[in-house]
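Working notes, structure below.
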Amino acid sequence: MEKTKKKSKVRRYLPFYLMALPGLVYLFINNYMPMGGLILAFKNYSARKGIWGSNWAGLKNFKFLFATQDAWTITRNTLCYNIAFIILGTILSVTIAILLSEVKAKAAKFYQSFILLPHLISWVIISYLVFAFLSAESGFINNTILAALGKEGINWYSEAKYWPVIIVLVYLWQSTGYTSIVYYASVVGFDKGYYEAAELEGAGPWQKIRYITLPLLRPVIITMVMLSVGRIFYSDFGLFYQIPMNSGTIYSTTNVIDTYVYRGLLQQGNIGMSAAAGLYQSVVGFIIVLIANGIVRKIDKDSAFI
Amino acid sequence: MYSKKTKGFLAFANIFLALDVICCIVPLVLLVISSFTDNTTLIRNGYQFIPEKFSLDAYAYLLKSGKLIMKAYGMSFVVTGLGVAVSLTVTTMLAYAISRPGIPGKKILTFFVFFTMLFNGGLVPTYMMYTGVFHIKNTIWALLIPNLLVRAYYVMLMRSYFQTSIPEEILEAASIDGASEFQTFYKVSIPMAKPIIATVALFSMILYWNDWQNGLYYLTTRTDLFTIQNLLNRMIQEIQFLSSNIAVGQTADVASLPSTAVRMAIAVIGILPIAITYPFIQNNFAKGITLGAVKG
C-alpha cells in the first residue's frame, strides 16, 4: 500500500522533474561547477597538472595580489565608479521619469522610445561611437569642436585624467533610459486622487512633485539603490574594456576588478593572481549582496531578494 | 485650462526631454553619416555630421567583396536563432516545473536556481572549466552556451508569471480531462504565458545578438566562426594595436584593415536588425523592464 502510493507520487511528478532537468543541468555546469574551481586561488596552477592536481600555494597568490598597487587601484576604481553611477544615475533617471509622467502620454511614449535605444546597442558598437568622437586623428571633438575653438587636439586614449568623466557619461548615456522607465512605471501607477486634491488646494507642478511624487517614490528609489549597492563590487566588463579600447596608458583610471581578472587570465597568463582577484570579488561581492538585501528587506519586504 | 505656472513647467519638461532624446541619438547619427561618407574625406576632415562628400562606396564594398563580413553577419543570425530557441525552451520548462505547487523538493530546486544570482565563480574557473573539461574553445558551442543559455533572473521572472497569472484550477481541469502533464504544459500553459514568453524571448534575442564576450574568450583561432560583434571587436583591437605601434615608430600593415567608412558600415548593419524590429518590440521591451523591477 505504502509502496504503490510512493510509486504513483513519483509517476505523478516525474514529468515536472523531466521538464526541469535540462535547465538544472545547465545551471549546475555553468554556475555551480566553476564555484569549485575557486580553489585555484590557493594553488600554483600548472596546465600539465590541471586544477585539482596543481600544488597548493596557500595564501601566496593573495599576498602577491595585495602587495601590488593594482589591488588598491582596481578596488578604488570599481567602488568609486559604482558610487558615481548610483548617485548620478538615480538623480537623472528619477528626473526623467517624473518629467515623462508630466507631459502628454503620447509625447511620453515618443520620448521613451528614443531614450531606450542606447540600451539595445552592444558595447563593441558603442566603442565605435565613442571612438568617432574621441579618436586623436579624426575624432569629432578634436577635429571639429577643439579646432573651431582654436585649441590643440587631445590624445584622449592616453590621458588617464579624462576617463572618469568619459566613463560616467557613457554609462549614463547607455543606462539612464532603462532605469528611468522603471521609475516612470511606478510614477504612472500612483493614485491620481492625491494630485487632484493638491490641485484643488492650488498646488503648482513643483509642489506636487516635492510633496507627492517624491515621497511616494522614496521606497522605490531606496530599493533600486540598494539593489545597485548589492552589485557595487562588480562592473560592466564591456564598459570598462571596450570603451577605453583596452588602452594600457589609462589603466590607472579605467582598470576595474573585472578587467583586471580578464587581463590576468587571457593576456598575461597570470592565473594565480587572476584567480585570487576573482575570489576576492566573489566573496566580498556576496557579503555586500547579503547586507544590501537585508536592508531592502527591512524597508520593503516585497522587493527583497530572499 | 492650464495655469501659467503649469504651462511653463510643461515647456521645461518638454525641452529637457527633447534634449535628452537628442543626446541619445546624436552618436548614432554620427555613426550612420560616417558610413555614408567618402573615405578620403573621412580621413582628411575626420568624423563629421555634414561631410564634404557623401559616398555609397562602403556599402558597395560590403556587398561586393565583403564575403567574410557577410559570413559573420550570417553567423550572428544563426547563433541568435539557435540560442534563443534552445534558451527559451529550457528556461520555460524549468520555470514551469518550479512554479507548480506540491512538487516534492520544489523549495530546494527554486533555491538552486536563485542562488546563482547571488554568488558565482567568476571568469577564471568558468574559463578553465569550459576549455579544460568541455573543450568548447574554438567551436560554435562557445558562442551558444557559456553564460547565455539559462539565466536565473529570467527563470524567476517566468516562474512568478506562471504562479500569479495561470489559475491552478484550469491546469487541474486539463488533467481531469485526461491530458498528460506535458500536454497541459504545451496546450494550456504556454498559450496562456505568451506575454512573458515574448518578453523573455526578446531579452534573450538582444543578449545573443549583442554578445561579443564569448567570442573574445573562446574563439582564438576559428575566426570563421566570428559573429558580426566578434568581427567588430577584432577590428577595433587591431586599430588600437596599429596606433600604439605607429606611436613607437613601427610600420603597420594598414591595408589589411577595412577602411574607416567600411568599419562604420559594418557597425551600422550590426545595429540594423535591432533598429528594424525596434518599433514592433519596444512596447514589450518597456513592459519587460518594469516586470523585472516589480519583482526581482
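The values are calculated or read from the model by the stated rules, or taken from the named source; none is laboratory data. Since this is a predicted model, take the numbers as computed values, not measurements. Note that we place each Cβ from the backbone using ideal geometry, even for glycine, and neighbour counts take in every protein chain shown. Keep in mind that these areas ignore ligands, DNA and RNA; they rest on the heavy atoms of the full protein, side chains included. Shrake-Rupley method; radii C 1.70, N 1.55, O 1.52, S 1.80 Å.
Just one of B:Ile274, B:Ile281, B:Ile239 is part of a helix (DSSP H, G or I), in contact with a helix residue (DSSP H, G or I) (Cβ under 7 Å, 6 or more places away or on another chain) and at pLDDT below 85; which is it?
Working: B:Ile274 fails: at pLDDT below 85; B:Ile239 fails: in contact with a helix residue (DSSP H, G or I) (Cβ under 7 Å, 6 or more places away or on another chain).
Within the list B:Ile274, B:Ile281, B:Ile239, the selection yields B:Ile281.
Can you name the residue in the range A:286-303 that is open to solvent by less than 60 Å² (accessible area, probe 1.4 Å) and either under 22 Å from B:Leu216 (Cβ atoms) or of a type in the set (A, V, I, L, M) (or both) and, of all such residues, is farthest from the chain's Cα centre (by Cα)? Walk me through how you get there before you give the answer.
If we filter the range A:286-303 for residues that are open to solvent by less than 60 Å² (accessible area, probe 1.4 Å), which is where we start, we get A:286, A:288-289, A:292-294, A:296, A:300, A:303.
Now drop any that are not either under 22 Å from B:Leu216 (Cβ atoms) or of a type in the set (A, V, I, L, M) (or both), which leaves A:288-289, A:292, A:296.
Details: A:Ile288: 14, A:Val289: 13, A:Ala292: 15, A:Val296: 18 Å.
Checking each candidate, the answer is A:Val296.
Return the only residue of A:Phe28, A:Phe64, A:Phe85 being open to solvent by 80 Å² or more (accessible area, probe 1.4 Å) and touching a residue at least 24 places away in the same chain (Cβ under 8 Å).
On the way: A:Phe28 fails: touching a residue at least 24 places away in the same chain (Cβ under 8 Å); A:Phe85 fails: open to solvent by 80 Å² or more (accessible area, probe 1.4 Å).
Every option except A:Phe64 fails the conditions.
Mind checking which residues of the range B:113-131 are at the interface with another protein chain (Cβ under 7 Å from one of its Cβ atoms) and part of a helix (DSSP H, G or I)? Before the answer, list the steps.
First pass over the range B:113-131, keeping only residues at the interface with another protein chain (Cβ under 7 Å from one of its Cβ atoms): B:113, B:116, B:118-129.
Answer for the range B:113-131, where residues must be at the interface with another protein chain (Cβ under 7 Å from one of its Cβ atoms) and part of a helix (DSSP H, G or I): B:Val113, B:Leu123, B:Val124, B:Pro125, B:Thr126, B:Tyr127, B:Met128, B:Met129.
Of the conditions (1) open to solvent by 40 Å² or more (accessible area, probe 1.4 Å); (2) facing chain B (nearest Cβ under 7 Å); (3) farther than 26 Å from A:Val256 by Cβ, A:Ser138 clears all except one; give me its number.
Going through (1) open to solvent by 40 Å² or more (accessible area, probe 1.4 Å); (2) facing chain B (nearest Cβ under 7 Å); (3) farther than 26 Å from A:Val256 by Cβ one by one, A:Ser138 breaks only (1).
So that you can scan it fast, the table gives a plain yes or no per residue for (1) over 29 Å from A:Lys104 (Cα atoms); (2) touching a residue at least 40 places away in the same chain (Cβ under 8 Å); (3) in a helix (DSSP H, G or I):
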position	(1), (2), (3)
A:Leu129	yes, no, yes
A:Ile154	yes, no, no
A:Tyr171	no, yes, yes
A:Ala185	no, no, yes
A:Ala203	no, no, no
A:Arg218	no, no, yes
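Give the residue that is modelled with the highest pLDDT, with candidates limited to residues of the range B:91-103 that are part of a loop (DSSP other than H, G, I, E, B) and either open to solvent by 50 Å² or more (accessible area, probe 1.4 Å) or of a type in the set (Gly, Ala, Ser) (or both).
Our first condition is that a residue be part of a loop (DSSP other than H, G, I, E, B); within the range B:91-103, this holds for B:98-103.
In the following step, the residues that additionally are either open to solvent by 50 Å² or more (accessible area, probe 1.4 Å) or of a type in the set (Gly, Ala, Ser) (or both) were identified as B:99, B:101-102.
Values: B:Ser99: 92, B:Pro101: 86, B:Gly102: 83.
Per the stated criteria, the residue is B:Ser99.
Being of a type in the set (S, T, N, Q) and not in a helix (DSSP H, G or I) is the filter; apply it to the range B:246-271 and report the residue that is modelled with the highest pLDDT.
Step one: list which residues in the range B:246-271 are of a type in the set (S, T, N, Q), which gives B:250-251, B:256, B:259-260.
Among the residues that remain, those that are also not in a helix (DSSP H, G or I) are: B:250-251, B:259.
Numbers: B:Gln250: 44, B:Thr251: 44, B:Ser259: 83.
So, considering only residues that are of a type in the set (S, T, N, Q) and not in a helix (DSSP H, G or I), the one modelled with the highest pLDDT is B:Ser259.
Look through A:Arg263, A:Arg210 and report the one residue that is in a helix (DSSP H, G or I), without any contact (Cβ under 8 Å) to a residue 40 or more places away in the chain and crowded, with 16+ Cβ neighbours inside 10 Å. It would help to see each step written out before you state the result.
Values: A:Arg210 fails: crowded, with 16+ Cβ neighbours inside 10 Å.
Being in a helix (DSSP H, G or I), without any contact (Cβ under 8 Å) to a residue 40 or more places away in the chain and crowded, with 16+ Cβ neighbours inside 10 Å holds for just one of A:Arg263, A:Arg210, which is A:Arg263.
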